[in-house]
Protein chains: 2
Amino acid sequence: MLTISQLAAHAGVTVRAVRHYHKIGLLPEPERDHSGYRAYDAGAVVRLIRIHTLADAGVPLARVQELLDAAPDDFTDGVEEIDKQLRTEIRRLQDTRKRLARLAAGEHLALPQSVVDYLDRLREIGMREQYIELERDAWIMIAAQVPHLIDDVIVQKHQALEHPDMVKLYGIVNEALDWSEDSPRIVEIVDLLESLMVAAVHAGATGGYGLDDDLVRLMDSAMLEAAPGAERILALLEERGWKGWTRIEHVPLDRL
Amino acid sequence: MLTISQLAAHAGVTVRAVRHYHKIGLLPEPERDHSGYRAYDAGAVVRLIRIHTLADAGVPLARVQELLDAAPDDFTDGVEEIDKQLRTEIRRLQDTRKRLARLAAGEHLALPQSVVDYLDRLREIGMREQYIELERDAWIMIAAQVPHLIDDVIVQKHQALEHPDMVKLYGIVNEALDWSEDSPRIVEIVDLLESLMVAAVHAGATGGYGLDDDLVRLMDSAMLEAAPGAERILALLEERGWKGWTRIEHVPLDRL
DNA sequence: CTGCAGGGTTGACCCAGCGTCAAGGTCAAG
DNA sequence: CTTGACCTTGACGCTGGGTCAACCCTGCAG
């Protein structure tokens, strides 16, 4: 008669594993001796080795039972299915590796290359990291929800930067990050914005880049959270008949 | 302000996942509104998207935190290490597939081909399945513990079968499976065994095939469990100065 | 006002395959 | 008698949440 550790040693498994196999019903519980120790016979060694062999070969414990009693044909079928699952899992991990590689390569944390390039351009025209981060966060949200639109939007942004007033606006915003909420210079921003909007409307722009209402609201609120003077800018714009930020719309003054 | 399900939708994860991230400290718990609902701001959306992006790329949640705050260099290092772990895991699964394939191919449940061949030879000389199973179980134990010895032992077994008395012995054992414990014919087995042993000792055999004491005891007890008349055979052998079964030793009668 | 649907909340169990305490009983040896 | 090794049961931990359960909150229709 063998103790549990002798049994485990003979089969090359741990004591803990043997008890686990008892619990899940793979290996029948043997009689206990007078002190409550499990007492195994040689047959248990053989059963345990067979279990271990299958488990070690990648058969899930839940399927070991059926394979142990299976006829050769069923055995082959079962093994084939398990192999299929292994292949699936391997492919999944390989996909994961690819995504990870892309992450490391340059799509810096959820952003496609076009956005990274655009942020670099903002750096080139002198925007501070503090602003870049705000902008980056906005792009992260867009990339997550409408990745198919993002390259179009980026193109429009690049085009907008061709306009000198837009570059000027960015310059002021760059400074405005330090302004207090009631700075008188906020009006400068509003003036510039309005002139850009008027020009855009003249040119037939629809604005909003095709983003849906939900996302637009989200981005607007992100802006409000991030910038101290944002609320005042929106209020001033509204007085002049413009509404929104991510997607600015012209509202007739008589409707206010 | 967003509810948890709005937040989850914006980031493309489930509500349950968001709560999980709270629990493990990946995403800070936001303020609650007057009714106890979590109220999220747009910043939370960004954090959540970044978490999701990393997790989705195969970064373990436990390491997401450090990567989110990591400097680019540390980030690259971390990603590389995770990739290494992924490669290791893939290799492990591929090894598993190989073992599984060998299992299906023919190494029938823990037995090398040489043993399968030997069992086939036993079938050819007329041994019944009932005996083959006993023998197979013994080989499973040997294969599990001293796989490097098994081919040597098999060679010796094949050689032993060249001796006509051995074949005769197997024939009797084949019938003996049905004998009751007190059958008078058990003596025939003992006679044959003794003559074979004497011949073997003359030929200079050492016996036991190099198996260690532990394994020998185990196999002896397996035999005792499996065969009804086994104990009597061992007793009769012992009267004549032989001890053991798996490894039979000559003991001078005066030492009994 | 009330009922109902469709949100939200926390809590707890579930998957695999054991590893790893914890707290205590048993055994053989010095 | 003590020590140390081994046994017992029970329960938590890990991964990444899925899936109830039971109950609260909100808004809308009748």
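Using a cut-off of 10 Å between beta-carbons, work out the net charge of the residues near residue A:128 (Lys and Arg +1, Asp and Glu -1, residue A:128 not included). Combined, the nearby Lys, Arg, Asp and Glu give -3. The angle between the Cα long axis of helix B:42-56 and the longest principal axis of the Cα atoms of chain B comes to about 20 degrees, rounded to the nearest 10. The mean count of C-beta atoms from other chains within 10 Å of the C-beta of residues in B:41-49, rounded to a whole number, is 6. Derived scalar couplings between HN and Hα for region A:152-166 equal 4, 4, 4, 4, 4, 5, 4, 4, 4, 6, 5, 6, x, 4, 5 Hz in order, rounded to whole Hz, by the Karplus curve 6.51 cos²θ - 1.76 cosθ + 1.60 (θ = phi - 60°), x for Gly and Pro.
Under the combined filter of DSSP loop state and at most 13 neighbouring Cβ atoms within 10 Å, region A:176-218 retains these GluC sites (Glu not before Pro): A:181.
Using only alpha-carbon positions, what ratio does the radius of gyration of region A:122-176 give when scaled by 2.2 N^0.38 Å?
Dividing the Cα Rg of region A:122-176 by 2.2 N^0.38 Å gives 1.19.
Farthest toward the positive end of the dipole of chain B, out of B:22, B:195, B:158, is the Cα of B:22, where the dipole comes from beta carbon charges about the Cα centre. Rounded if a/c is under 1.5, else prolate if a/b is larger than b/c, else oblate: which is region A:113-255, with a ≥ b ≥ c the root eigenvalues of its Cα gyration tensor? The shape class here is rounded.
Can you give the convex hull volume of the alpha carbon atoms of chain B per residue, in Å³? All intermediate terms of the calculation are to be shown ahead of the outcome.
Working: hull volume 63.5 nm³, N = 256.
Measuring per residue, one finds 248 Å³ for the Cα hull of chain B.
Within the shell of other residues whose beta carbon sits under 12 angstrom from the beta carbon of residue B:201, the net charge comes to -2, with Lys and Arg scored +1 and Asp and Glu -1. With contacts taken as Cα pairs under 8 Å at a separation of at least 6 residues, region B:201-253 carries a relative contact order of 35 percent.
Mind putting a number on the dipole of region A:4-103 about its Cα centre? Charges go on the C-beta only, +1 for Lys and Arg and -1 for Asp and Glu, and I need it in Debye to the nearest 20.
Result for region A:4-103 is approximately 880 debye, rounded to the nearest 20.
Accessible area per residue (1.4 Å probe, heavy atoms of protein chains only) ranks B:221, A:183, B:180 as B:180, B:221, A:183, with the largest value leading.
Computed with the Debye formula from one identical point scatterer per Cα of region B:68-143, without solvent, the log10 of I(q)/I(0) at q = 0.22 Å⁻¹ comes to -0.96. Between region B:212-256 and region B:75-145, the alpha-carbon centres lie 31 Å apart.
Rounded to the nearest 20 debye, the dipole magnitude of the protein assembly as shown is 60 debye, with +1 charges on Lys and Arg beta carbons, -1 on Asp and Glu beta carbons, and the Cα centre as origin.
Computed with a 1.4 Å probe over protein heavy atoms only, the accessible area of residue A:162 comes to about 130 Å². Measure nothing but the geometry: give the 0 to 90° angle between the long axis through the Cα atoms of B:230-239 and the longest principal axis through the Cα atoms of chain B, rounded to 10°. Long axis of B:230-239 versus the principal axis of chain B: about 50 degrees.
Per residue, the solvent-accessible area of the protein assembly as shown (1.4 Å probe, heavy atoms of protein chains only, all protein chains present) comes to 54 Å².
Taken one residue at a time, the phi angles of region A:168-173 give Karplus couplings (6.51, -1.76, 1.60, θ = phi - 60°) of 4, 4, 4, x, 5, 4 Hz. Gly and Pro are set to x. Distance between the pseudo-spin-label points of residue B:129 and residue A:117 (7 Å out from Cα toward the beta carbon): 7.1 nm.
A simple count of charges around residue A:156, restricted to other residues whose Cβ falls under 13 Å of its Cβ and scoring Lys, Arg +1 and Asp, Glu -1, yields -1.
Put A:202, B:22 in order of accessible area, highest first, and with a 1.4 Å probe you get A:202, B:22. The charge dipole of chain B, taken about its Cα centre with unit charges on the Cβ atoms of Lys, Arg (+1), Asp and Glu (-1) only, comes to about 1200 debye. Accessible surface buried by the A/B pair amounts to about 4300 Å², both sides summed, 1.4 Å probe. Taking B:15, B:201, B:59 in turn, the Gaussian network model of chain B (Cα-Cα springs below 10 Å) assigns the largest fluctuation to B:15. Axis angle, to the nearest 10 degrees, between helix B:129-145 and the longest C-alpha principal axis of chain B: 60 degrees.
Taking the radius of gyration and the Kirkwood hydrodynamic radius from Cα positions alone, what is the Rg/Rh ratio for region A:4-103, to two decimal places?
Numbers: Rg = 17.8 Å, Rh = 15.6 Å.
Radius of gyration over Kirkwood radius for region A:4-103 works out to 1.14.
What does the helix-only formula give at 222 nm for chain B: each DSSP H stretch with n ≥ 4 adding -39500 (n - 2.57), the total divided by the residues, and the result rounded to the nearest 500 deg cm²/dmol? Present the calculation step by step, with values, prior to reporting the outcome.
Working: 12 runs with 169 residues, N = 256.
Taking each H run of at least 4 residues, the total per residue is -21500 deg cm²/dmol.
Inter-copy label distances at residue B:62, shortest first and taken from points set 7 Å along Cα to Cβ: 2.4 nm.
Residue ranking by accessible heavy-atom surface, 1.4 Å probe, largest first, among B:149, A:218 comes out as B:149, A:218.
The values are calculated or read from the model by the stated rules, or taken from the named source; none is laboratory data. Given the structure is predicted, the values throughout are model-derived calculations rather than measurements. All Cβ positions, glycine included, derive from the backbone under ideal geometry; neighbour counts span all protein chains shown. These area figures cover heavy atoms from the full protein model, side chains too; ligands, DNA and RNA do not enter into them. Shrake-Rupley method; radii C 1.70, N 1.55, O 1.52, S 1.80 Å.
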